[in-house]
Amino acid sequence: MRVEPLTCSIGAELVGVSLADAIHDDGVFAGIREALLRHRVLFLRGQDITAGEHVAFARRFGELEDHPVAGSDPEHPGLVRIYKSPDEPTPRYENSWHTDATWREAPPLASILRCRECPPVGGDTMWANMVLAYENLPQQIKDQIADLRARHSIEASFGAAMPIEKRHALKAQFPDAEHPVVRTHPETGEKVLFVNGFTTHFTNFHTPGRVRFGQDFNPGACDLLRFLITQACIPEYQVRWRWSPNSVAIWDNRSTQHYAVMDYPPCHRRMDRATVIGDRPF
């Protein structure tokens with residue numbers, strides 16, 4: 001197995017390895033996991049695996065979770081279908097920087113996304129290194145956010161277009177989660193900037209040390225949150241992947257954000273994603 005870095009900050013392509021072999025070969029899987037911690041997102045081409053093999057490989061990282069809104073493969077629990085078609089009556093956007101499912105109390109550890117069908121051009125996905133994003137913040141910003149916590153909401157994202165009763169039921173099932181703005185990676189000990197498109201507001205900003213007048217809180221807190229979320233947009237923190245059928249991306253959901261580029265209508269794009277249950281951020 002060769003590990004070929006794609007940028008100086010994030011991403012590497014694995015060459016000479018089959019995910020089907022990694023299901024049973026502890027050495028191959030250990031090499032993949034080590035490379036994932038180092039490069040944060042890994043890419044492979046030519047992975048002609050079955051849905052069952054996709055799920056079996058993902059389960060080597062841990063148990064899988066289904067998504068309450070996106071549809072799953074009925075024969076393979078834990079395999080979410082992300083299918084886009086020009087025939088959809090109401091196109092859904094996906095071009096937003098985010099970390100998967102931070103609206104959960106325990107957001108995912110990792111995701112394994114496999115391309116089944118994609119446009120000849122377009123439909124790329126981008127990832128950003130949120131460890132580097134934190135490291136490069138000005139010290140005064142680091143001091144300001146060291147103890148901050150924030151809410152993450154499925155109601156305000158996936159639920160926003162739903163009828164009010166359905167949206168409220170979704171929130172009742174998945175209440176807004178509260179996470180530290182700066183989390184600690186449980187395996188590497190790195191500090192990670194942990195706000196994204198699911199983050200709605202800080203929960204402990206309004207203190208005498210931060211708020212002198214009303215403007216300090218609103219728009220002051222909103223401006224700070226917007227600044228932090230947009231750190232993922234800095235090109236030096238990013239890698240961009242061009243999909244082809246049977247290519248795969250594996251990413252560490254604890255230390256990255258990603259963005260699916262919606263520049264390909266009216267083409268089809270069909271992806272299968274297995275997402276591994278994670279732990280509560282601290």
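Evaluate segment 89-101: report whether one residue or more is outside any loop (DSSP other than H, G, I, E, B), at pLDDT below 95, among the hydroxyl-bearing types (Ser, Thr, Tyr) and surrounded by fewer than 22 Cβ atoms within 10 Å (Cβ to Cβ). Checking segment 89-101: not a single residue is outside any loop (DSSP other than H, G, I, E, B), at pLDDT below 95, among the hydroxyl-bearing types (Ser, Thr, Tyr) and surrounded by fewer than 22 Cβ atoms within 10 Å (Cβ to Cβ). Would it be correct to say that residue 221 is in contact with a strand residue (DSSP E or B) (Cβ under 6 Å, 6 or more places away or on another chain), more than 22 Å from residue 11 (Cα to Cα) and of a type in the set (A, V, I, L, M)? Spelling it out, residue 221 is indeed in contact with a strand residue (DSSP E or B) (Cβ under 6 Å, 6 or more places away or on another chain), more than 22 Å from residue 11 (Cα to Cα) and of a type in the set (A, V, I, L, M). Only one of the listed residues (195, 211) is among the aliphatic types (A, V, I, L, M) and touching a Leu at 6+ places or on another chain (Cβ under 6 Å). That residue is 195. Considering segment 186-209, and only residues there that are within 22 Å of the chain's Cα centre (by Cα), part of a loop (DSSP other than H, G, I, E, B) and among the hydrophobic types (A, V, I, L, M, F, W, C), the residue that is nearest to residue 100 (Cα to Cα) turns out to be 198.
Tell me, yes or no, whether segment 230-243 has at least one residue that is on the phi < 0 side of the Ramachandran plot, part of a loop (DSSP other than H, G, I, E, B), hydrophobic (A, V, I, L, M, F, W, C) and modelled with pLDDT under 95. No, segment 230-243 has no match at all. If you go through segment 178-189 and keep only what is within 14 Å of residue 204 (Cα to Cα) and surrounded by 15 or more Cβ atoms within 10 Å (Cβ to Cβ), you end up with 179, 180, 181, 182. Cβ-Cβ contacts under 6 Å between residues 6 or more apart (or on different chains), taken from a first residue in segment 154-168 that is farther than 11 Å from residue 68 by Cβ to a second residue that is among the polar types (S, T, N, Q) and surrounded by 13 or more Cβ atoms within 10 Å (Cβ to Cβ), are listed as 156/200. Candidates 212, 167, 183, 151: the one that is assigned to a helix (DSSP H, G or I) and over 28 Å from residue 44 (Cα atoms) is 167. Picking from residues in segment 244-282 that are at pLDDT below 95 and touching a Gly at 6+ places or on another chain (Cβ under 6 Å), the one that is surrounded by the most Cβ atoms within 10 Å (Cβ to Cβ) is 269. Beta carbons closer than 6 Å, at least 6 apart along the sequence or on distinct chains, pair a first residue in segment 116-141 that is over 24 Å from residue 51 (Cβ atoms) and surrounded by 15 or more Cβ atoms within 10 Å (Cβ to Cβ) with a second that is among the aromatic types (Phe, Trp, Tyr) and at pLDDT below 95 for 122/264.
Among the conditions (1) surrounded by fewer than 18 Cβ atoms within 10 Å (Cβ to Cβ); (2) of a type in the set (Lys, Arg); (3) touching a residue at least 12 places away in the same chain (Cβ under 8 Å), residue 84 misses just one, which is (1). Of all residues in segment 259-271, at least one satisfies being touching a residue at least 12 places away in the same chain (Cβ under 8 Å), within 13 Å of the chain's Cα centre (by Cα), farther than 24 Å from residue 48 by Cα and assigned to a strand (DSSP E or B).
The values are calculated or read from the model by the stated rules, or taken from the named source; none is laboratory data. In this text, all values refer to a predicted model and were calculated from it rather than measured experimentally. Using ideal geometry, Cβ is built from the backbone for each residue, glycine included, and neighbour counts are taken over all protein chains shown.
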